[in-house]
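Encoded as structure tokens, the structure appears first; notes follow it.
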Amino acid sequence: RKEVEQDPGPFNVPEGATVAFNCTYSNSASQSFFWYRQDCRKEPKLLMSVYSSGNEDGRFTAQLNRASQYISLLIRDSKLSDSATYLCVVNGKFSGGYNKLIFGAGTRLAVHP
Amino acid sequence: EPEVTQTPSHQVTQMGQEVILRCVPISNHLYFYWYRQILGQKVEFLVSFYNNEISEKSEIFDDQFSVERPDGSNFTLKIRSTKLEDSAMYFCASSEEYQGSEQYFGPGTRLTVT
């Protein structure tokens, strides 16, 4: 089983749509969870951390289900500028310390007019 | 807003040559990292560094790799004898705290080994 697994997409949605991405992780000892965004050939940019209670930042809502080892990201009212690859990222005790980020392969989102 | 910077943005080198990739982490951050991303693949952890020593490294980070903080601002990744398969984007990142803290990435250095 992959350490962090995501549906690669692409998700093709019209402007204004609501889209949801899911992610599962294999190590129950994982401690911290993030969503990053990556534009083509650019660096990963932190979108938001994910907390057990769920958290929201404007149009973006992230949820964590520790029991199911499942993380989600919901984007409401999609904009053209949301087109990117969304990376599910876990920081946990996979093989040693806690300061190693494990990246999923990413889910590609394309928002069209 | 403070950011991580990296130089050069693109480095072309011949197989067997040594390269040094440079990074300036965010100034009040204490933990530094290198990651790489081969074209079309996911981002992979290489090494983490704190208090002038490696705190963790992956199996990719073999003897041909080394890291150094030569002064108060720079953080470098050296590849001693490059191979074709070292061609990738190399990202530097930094964070304030150790466990669970958010890591911020630099724009990357594209390394092409010919």
Within the set of other residues whose C-beta is less than 9 Å from the C-beta of A:Leu47, count the net charge using Lys and Arg as +1 and Asp and Glu as -1.
+1
What is the sum of charges, Lys and Arg at +1 and Asp and Glu at -1, for the other residues whose Cβ falls under 12 Å from the Cβ of A:Tyr36?
+1
In whole Å, what is the distance between the alpha-carbon centres of the stretch A:3-49 and the stretch B:34-102?
22
Would you mind checking the pairs A:Lys42/A:Lys100; A:Lys45/B:Lys78; A:Lys2/B:Lys83 and listing those with alpha carbons more than 22 angstrom apart?
A:Lys45/B:Lys78; A:Lys2/B:Lys83
Largest first, how would B:Ser87, B:Ser48 line up by accessible area (1.4 Å probe)?
B:Ser87, B:Ser48
With a 1.4 Å probe on protein heavy atoms only, work out how much accessible surface B and A bury together, total over both chains, in Å² to the nearest 100.
1900
Of B:Asn52, B:Asn74, B:Asn28, the most mobile residue in a GNM of chain B (C-alpha springs, cutoff 10 Å) is B:Asn28
Please check: in the Gaussian network model of chain B (C-alpha springs, under 10 Å), which one of B:Arg22, B:Arg69, B:Arg80 has the largest mean-square fluctuation.
B:Arg80
Can you give the average number of partner chain beta-carbon atoms within 10 Å of each beta-carbon in peptide A:28-39, as a whole number?
2
Could you state the accessible area per residue of chain B in Å², with a 1.4 Å probe and every protein chain left in place?
50
Using a 1.4 Å probe over the heavy atoms of the protein chains, calculate the carbon and sulfur portion of the accessible area of the stretch B:46-109 as a whole percent.
42
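The values are calculated or read from the model by the stated rules, or taken from the named source; none is laboratory data. All of these numbers come straight from a predicted model, not from anything done at the bench. Positions of Cβ are backbone-derived with ideal geometry, glycine not excepted, and every protein chain shown enters the neighbour counts. Heavy atoms of the whole protein, side chains included, go into the accessibility calculation; ligands, DNA and RNA do not. Shrake-Rupley method; radii C 1.70, N 1.55, O 1.52, S 1.80 Å.
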